[in-house]
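First comes the structure, then the notes that go with it.
No lab work stands behind these numbers, since they all come straight from the coordinates. Because the structure is predicted, anything quoted here is derived from the model rather than measured. Cβ placement follows ideal geometry from the backbone for every residue including glycine, while neighbour counts extend to all protein chains displayed.
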There are 2 protein chains.
Amino acid sequence: MAAPRSLSPFPALVERRAARGRWVIACEHATNLVPDALAGLGLSETDRAAHIAWDPGALALARGLALALDGVLVAARVSRLVYDCNRPPDAAGAMAVKTEHYRIPGNEGLAPAARRARARAVYLPFHEALRREIVGRIALGRGPALVTVHSFTPTWFGAPRQVEFGVIHDADDTLARAVAAEAQARTGLRTELNAPYSAADGVTHTLRLQAVPYAIPNVMLEVRNDLIATPAQQAAMAAALAPVLAAALAGAAPAAAPGAAP
Amino acid sequence: MAAPRSLSPFPALVERRAARGRWVIACEHATNLVPDALAGLGLSETDRAAHIAWDPGALALARGLALALDGVLVAARVSRLVYDCNRPPDAAGAMAVKTEHYRIPGNEGLAPAARRARARAVYLPFHEALRREIVGRIALGRGPALVTVHSFTPTWFGAPRQVEFGVIHDADDTLARAVAAEAQARTGLRTELNAPYSAADGVTHTLRLQAVPYAIPNVMLEVRNDLIATPAQQAAMAAALAPVLAAALAGAAPAAAPGAAP
């Protein structure tokens, strides 16, 4: 299929810019949109609706958390199959040619210039928008914290997954451990640290790029997507997890005292 | 003095965008320019010409290296006293109120909104431009390496500095050690690792933000500014250091084999 050497940029979706809370909420896999120029990546509509193309339910959950926590939301506007914003451009998964048992014809044999065009059109605008929110809040002395919101499929290569709520960390595990502990104390969710993935699987790129260099609290959440399939489930999950995040942040990384030097 | 809550953005200076070599050359302290809106930060013209406002000679050296190595150059367009692009926004040195024995009146008592305006106008555009060059080269499979080019003053608080060439690293010391070894082997420069500063002084922010998350080779160079005060000295230093960098990169981080997967 055609692999255009340039693509129009897709600015990230940013909601609640004026939010005054500490949380910056990122959703890299918010949508399954494939730009027309890419001809559906050669996939059927059914395949493009599957979890390989996005994290079903994640955007609605992220929105619910942003509202409950007075946080800002930054979400990608195109499918992870076009470019996975949670991967650096040299990762196999950045423009995957295979994921689970699906082949992605539109990503096969991509020329270097086409790979660069994807990175420029999708990855850079998303991370610029996210950085802008984080850096602005650091400059204001707000003590921001980053949470990335994902969902995972209940079965993977045919095997059912028992974990319901995964809490994943990169170099700094402080906030992740606090979130897992609060979830175990406050919810009935089957919660595990670094499941169903961990940093060793290359899934913490956004944390590493956006939070670690600033030494701000950070954590990645993974919710099993059958638990956030409907608007009612999504709202219930946001209502369950918002207090978990708030308590974890207050305990693990208290805000600076009022009047403290920025 | 007035602290405007907004400032026009200063896009970074990017030269040799089409360069085909592996080096991405950054110069955070290239100029002593203070935008008119900031009324000279309350400093005399003499103070604004001093090393506190910029790294004299660094931009010319960086340009010479870019030319010799077929690298791309990304430089900040305003003084480090307005915003030091090698510092995160919560560092005291990002908008310093004191540096060596100088007071910076225009940075005293900056309101949070003014700090954010500085970060947005100077820091974000610089790092977006630098990231674009690095990410583009990673996507192309070019195996980019980042070098940041600085100069330091021969005397600090009245004490002379003997070191002539400092080679500084962040988490990954591979390239820095190779550069120091090649400099000792190929030049007569008095070379030291992590001098006159080190990562512990907070001077490796650019490396940490731009290179470490991508695991690309990276190093920070510091040249004593009396050795690069004239165009002839700057050209000679570039001619001396370009082969040092080339040999160090070839030894420490060989390019991917032709045809290797990106």
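Structure data summary
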| read-out | value |
| --- | --- |
| Coarse-grained scattering of region A:1-76 at q = 0.16, 0.25 Å⁻¹, given as base-10 log I(q)/I(0) from a Debye sum over alpha-carbon atoms | -0.68, -1.09 |
| Cα-based Rg / Dmax (Å) for region A:13-252 | 17.0, 50 |
| Geometric extent, Cα atoms of region B:150-262 - Rg, Dmax (angstrom) | 15.0, 55 |
| Positive dipole terminus of chain A, leading residue within A:111, A:198, A:94 (C-beta point charges) | A:111 |
| For residue B:248, net neighbour charge (Lys/Arg +1, Asp/Glu -1) across residues whose Cβ lies under 11 Å away | +1 |
| Interchain or long-range residues, amide H under 5 Å from residue A:148's placed H | A:26, A:219, A:220, A:221 |
| Region A:134-210, Rg to Rh (Cα coordinates; Rh as Kirkwood inverse mean 1/r) | 1.03 |
| Cβ-Cβ FRET estimate between residue B:102 and residue A:91, R0 fixed at 56 Å, reported to 0.05 | 0.80 |
| q = 0.28 Å⁻¹: log10 I(q)/I(0) that the Debye formula gives for region A:56-121, counting C-alpha atoms only | -1.21 |
| When the protein assembly as shown is reduced to its Cα atoms, the Kirkwood hydrodynamic radius in Å | 24.2 |
| Residue mean of other protein chain beta carbons inside 10 Å, A:86-93 | 4 |
